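The next block holds one structure in the form of structure tokens; read it before the comments.
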Amino acid sequence: MIRAFRRFLSRFFFLLLCLSGTAAAQQSDAFPRPAALEPAIQFWIKVYTEIDTEHGFLHDAVNLSVIYETVHYERTGVERERARIQEALRALATGKRSGLNHLEQSVLDKWPADVSNATLAAAANNVRFQLGQSDRFVAGLIRSGAYRSHIDSVIRAKGLPIELGALPHVESSFHPGAYSSVAAAGMWQFMRATGQRYMRIDHIVDERLDPYTATHAAMSLLEFNYSILGNWPLALTAYNHGVGGMGRAVRETGSDRIEDIVFNYKGPAFGFASRNFYAQFLAVLDVEKRAQALFGVLQLDPSPEYEEFEMDSYVEARTLAETLGVTLEQLQFDNPALRPVVWEGDKRIPKGYVVKVQRKSLNAPLATLMASIPASERFPIQTPDVEYFVQSGDSLSAIARRFRTSVAQLVALNQLADRNTLSIGQRLILPQDSAAATGQSSAQIAAAAPASSAPRASGGAGSRPDAYAVRRGDTLSTIARRYGVSEAALLRVNDLDDPHRIFPGQMLRFPTDDSPVVQVAAATPAPVSQPAEAPVAAAPAPSAIVEAPPTPEYTPVVAGAEVDNVAVVFDPSAAAVAGSGTTVQDLSADPSDYSVSADGSIEIQASETLGHYADWVGMSVAAVRRLNGMSASQPVVIGRRLKLDFSRVSVAQFESRRRDFHLAEQQKFFAEYRIQDVAHHTVAANDNIAALARSKYAVPMWLLRQYNPGLDFRSVQIGQTVMFPVLEAVEASGSSG
């Protein structure tokens with residue numbers, strides 16, 4: 001009887017899956033299947049259905065219809081077979097067609113009869129290894145049962161194609177705790193900079209790891225990609241390569257057809273993963289539709305039923321678990337977005353955080369249980385951060401030794417990309433027991449901290465003036481660092497659009513913020529021998545982020561990387577690895593063109609000034625003006641082109657500096673704001689777009705331009721539609737969050 005019931009459930013879940021596939025098939029016009037991509041689609045179907053993660057294909061990286069061998073995965077064995085195939089190809093490339101040995105004949109037979117020697121010579125450098133994915137696809141299909149109903153409901157609410165729900169097969173095999181080698185996280189594999197546009201990501205909460213919150217973010221990103229690029233093949237590929245990268249591909253190829261871009265676009269970051277991303281997506285749609293015929297009847301994971309409650313105060317995780325009558329481990333499993341510092345007791349569950357608890361775990365209504373938390377266990381503030389400001393001569397190992405912690409813990413807590421790169425004045429969060437390790441109370445430590453190392457005092461009230469008069473040599477960033485506020489907050493409070501346009505004598509107001517912060521005084525650095533670790537120099541803070549390991553309930557799924565020329569895939573997402581080290585776009589959600597054209601000109605973007613360009617190319621502002629025939633009073637205009645001289649720095653150096661500037665600006669902004677929705681504003685008579693952005697929508701011009709990249713703000717017409725992102729202010733992620 002029980003067995004029969006289980007069979008019924010299995011068939012029921014699979015019927016739901018088939019119905020989903022039928023709905024997808026009815027919308028197939030959104031996802032065309034170009035004949036030119038068919039060899040790639042068939043290749044990925046084989047990867048997902050014919051070989052498991054103990055085997056792989058040695059194949060041609062350009063012509064995916066050419067599969068030389070199926071081999072057992074073992075590094076030295078793969079390399080040995082790859083070298084043999086390369087040797088055979090080089091022999092054939094000389095024109096050899098007779099007296100072939102068995103391997104040479106086998107390799108030749110994989111190619112058309114009229115294959116040229118030049119093609120074979122090129123193929124010798126394109127022998128690639130692809131790990132099989134059939135077992136991971138099945139595991140992902142089973143896992144998907146827990147999430148697909150939620151994913152489909154989000155998709156339908158936004159009016160998007162239902163097929164998008166299959167994307168996690170490519171990204172993570174529906175694993176909510178997946179981490180890639182480049183720090184993309186969660187079921188939808190968001191990079192930090194992109195994820196922060198839509199989710200809270202800090203050392204207390206990382207919503208990328210919540211599959212429900214991240215689904216909303218993923219659909220918002222895909223919706224944005226589509227609004228910019230105009231078709232779903234490009235919008236999907238932009239999920240991997242970035243909307244800016246795909247915009248550049250369209251410009252350079254002169255086509256918005258995915259097959260034209262796949263075969264003709266030669267962008268340096270458009271590698272194997274990006275080139276194959278859309279073909280992989282079409283493959284998983286096909287495999288999912290035929291899952292029963294391919295894999296038999298599968299019992300999909302049931303969708304859990306959650307009760308939710310928004311926290312109205314800060315509460316210790318252990319207290320909450322005991323109140324709800326669930327184990328700490330179960331609470332952690334249900335709330336994967338909360339970082340280890342919460343479960344270890346160093347931070348409280350934040351006020352405003354929506355706690356999830358499985359309904360079957362509760363023995364009373366959730367609201368009743370939450371109301372029973374004693375007042376003494378409800379806190380109005382977060383556990384204060386213990387923080388330290390980096391000084392000249394510091395290294396991470398010296399700081400770790402001084403405060404009796406480990407480099408690994410500092411890296412994880414601060415989400416540092418490079419343990420060898422710190423910046424003077426950079427804020428580091430220390431473990432909560434660091435104050436005790438110094439033998440002083442938190443208050444004593446904060447009081448003893450010199451202004452140079454601790455620009456923000458503990459206690460909030462009275463720690464900074466109500467206003468500040470700008471002095472010669474000041475910049476907004478130095479003022480912000482000196483008084484422990486963010487540049488974004490200063491811009492907002494003072495109604496400033498440009499952080500570079502402040503002047504001596506100008507009065508700046510500070511935001512009201514009484515969040516408690518415990519500061520650790522700078523001590524004389526202990527002598528530490530770390531030959532591999534460079535001391536701190538005056539350099540920008542690193543922009544890339546390395547994430548701490550996920551919570552134990554979700555075994556981390558870690559992507560591998562290119563090894564020599566062989567892409568070895570360890571992640572459930574084949575795309576996450578193939579070329580992952582070169583296709584990651586820190587500004588992947590930014591459609592702006594930061595590249596230099598062949599004639600040495602650039603498109604002027606929001607927030608940029610002639611001073612920026614002069615710094616980035618090593619010229620004077622006057623020289624930039626002379627090069628472009630500009631008078632001393634003539635302003636730069638967003639969207640126009642400007643010529644620059646690249647005799648002092650390379651184009652690559654300039655583009656890197658330019659992107660770093662915009663990345664830093666956007667990261668600061670999205671530390672305080674998240675995109676919640678998009679408003680479509682129809683331009684009326686006397687509308688001023690800049691004024692609307694500033695007063696009604698509180699959107700900076702650079703972000704407004706990202707949502708309207710083709711709009712000429714100088715000639716907006718009545719009746720035109722302008723998209724304004726709707727922003728939500730978020731609490732600071734330090735002591736208050």
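Key figures for this structure:
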| item | result |
| --- | --- |
| Filter pass, residue 303 being surrounded by fewer than 18 Cβ atoms within 10 Å (Cβ to Cβ), touching a Lys or Arg at 6+ places or on another chain (Cβ under 7 Å) and over 30 Å from residue 36 (Cβ atoms) | no |
| Subset tally (residues that are in contact with a helix residue (DSSP H, G or I) (Cβ under 8 Å, 6 or more places away or on another chain) and either in a helix (DSSP H, G or I) or surrounded by fewer than 18 Cβ atoms within 10 Å (Cβ to Cβ) (or both)) for the stretch 107-123 | 8 |
| Hey, residue 380 surrounded by fewer than 17 Cβ atoms within 10 Å (Cβ to Cβ), under 20 Å from residue 204 (Cα atoms) and touching a residue at least 60 places away in the same chain (Cβ under 8 Å) or not | yes |
| Enumeration of residues in the stretch 318-333 that are touching a residue at least 12 places away in the same chain (Cβ under 8 Å) and surrounded by fewer than 21 Cβ atoms within 10 Å (Cβ to Cβ) | 318, 319, 323, 325, 326, 328, 329, 330, 332, 333 |
| Pick from the stretch 54-72, criterion in contact with a strand residue (DSSP E or B) (Cβ under 8 Å, 6 or more places away or on another chain) and touching a residue at least 60 places away in the same chain (Cβ under 8 Å), ranking: surrounded by the fewest Cβ atoms within 10 Å (Cβ to Cβ) | 54 |
| Filter result (farther than 14 Å from residue 341 by Cβ and surrounded by 19 or more Cβ atoms within 10 Å (Cβ to Cβ)) within the stretch 392-415 | 394, 395, 396, 397, 398, 399, 400, 402, 403 |
| Filtered residues of the stretch 1-39 (kept if modelled with pLDDT of 50 or more and either among the basic types (Lys, Arg) or within 23 Å of residue 139 (Cα to Cα) (or both)) | 33 |
| Selection count where residues are more than 44 Å from the chain's Cα centre (by Cα) and charged (D, E, K, R), scope the stretch 69-103 | 2 |
| When residues of the stretch 142-189 are limited to those that are surrounded by fewer than 24 Cβ atoms within 10 Å (Cβ to Cβ), more than 21 Å from residue 31 (Cα to Cα) and of a type outside the set (Gly, Ala, Ser), the one modelled with the lowest pLDDT | 182 |
| Among (1) outside any strand (DSSP E or B); (2) farther than 29 Å from residue 727 by Cα, the one test that residue 203 misses | (2) |
| Restricting the stretch 608-642 to residues that are basic (Lys, Arg) and not in a loop (DSSP other than H, G, I, E, B), the residue that is nearest to residue 704 (Cα to Cα) | 641 |
| Selection status of residue 640, under 18 Å from residue 713 (Cα atoms), among the basic types (Lys, Arg) and out of contact with any strand residue (DSSP E or B) (no Cβ under 6 Å at 6 or more places or on another chain) | yes |
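The values are calculated or read from the model by the stated rules, or taken from the named source; none is laboratory data. Since the model is a prediction, treat every value here as computed from it, not as a measurement. Every residue, glycine among them, receives a Cβ derived from its backbone with ideal geometry; neighbour counts consider all protein chains shown.
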